[in-house]
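Here's the structure we're looking at; comments come further down.
Just so it is clear, none of the values below were taken in a lab; they were calculated from the coordinates. Fair warning: this is a prediction, and the values are worked out from it, not measured in the lab. Neighbour counts are summed over all protein chains in view; Cβ atoms, including those assigned to glycine, are modelled from backbone coordinates with ideal geometry.
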Amino acid sequence: MKMYLKKLSYKRAALFLLTGLTLASCDPSKMYDHSQKVPDSGWYTDSAVQFSLHMTDTLQAYNFYITVRNNDDYPYRNLYLFFNTSLPNRNITRDTIELILADTDGRWIGKGFGALRDNKILIRRNLMFPLKGVYQFGIEQAMREDCLLGITDVGIRIEYAK
């Protein structure tokens, strides 16, 4: 009987763990979340990270984030980016964006432990896509260095606005 209860408690613990992991992986607010790895050799100014999104809903509002993973090799507290958007009607916009990755004392703001930090930085709240079709996004580093070290991943996350 004692062995049966022990076996049952292991099964129950495994079931709770599996359920918890499944629920943690579900994120109903997420509409789009993709990132790309930056080469270990560095992020060059002429190397844009590209994303493509097919949008069908022009009435829904979204919150638009840029995600950045950096390590301790990153020498600055901020990161300037050129953010290029190509709309379905072929119009193109280009914005310069500053992301703050560390506080004034040099402590990383992002989540994580060890040498890696994940940053999810809100760029636009309640964004509505004006046209149906394919949107192309390009992100370039704009830090006045030909090769930027310490940025390991760059991405875009779009969530449904509440």
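Things to note:
- Pair list, Cβ < 6 Å and 6+ apart or interchain, from the stretch 128-154 residues that are within 15 Å of residue 101 (Cα to Cα) to residues that are among the charged types (D, E, K, R): 149/73; 150/73; 152/69; 153/37; 153/69
- Lone unmet requirement of (1) farther than 17 Å from residue 141 by Cα; (2) surrounded by 14 or more Cβ atoms within 10 Å (Cβ to Cβ); (3) not acidic (Asp, Glu) for residue 111: (2)
- Hits in the stretch 124-152 - residues which are acidic (Asp, Glu) and closer than 29 Å to residue 89 by Cα: 140
- When residues of the stretch 119-162 are limited to those that are under 14 Å from the mean Cα position of the chain (by Cα) and among the aliphatic types (A, V, I, L, M), the one farthest from residue 78 (Cα to Cα): 158
- Comparison of 114, 150 shows that the only residue that is on the phi > 0 side of the Ramachandran plot and out of contact with any Pro (no Cβ under 7 Å at 6 or more places or on another chain) is 114.
- Residues satisfying the stated conditions in the stretch 141-158, i.e. buried (at least 20 other Cβ atoms within 10 Å of the Cβ) and charged (D, E, K, R): 157
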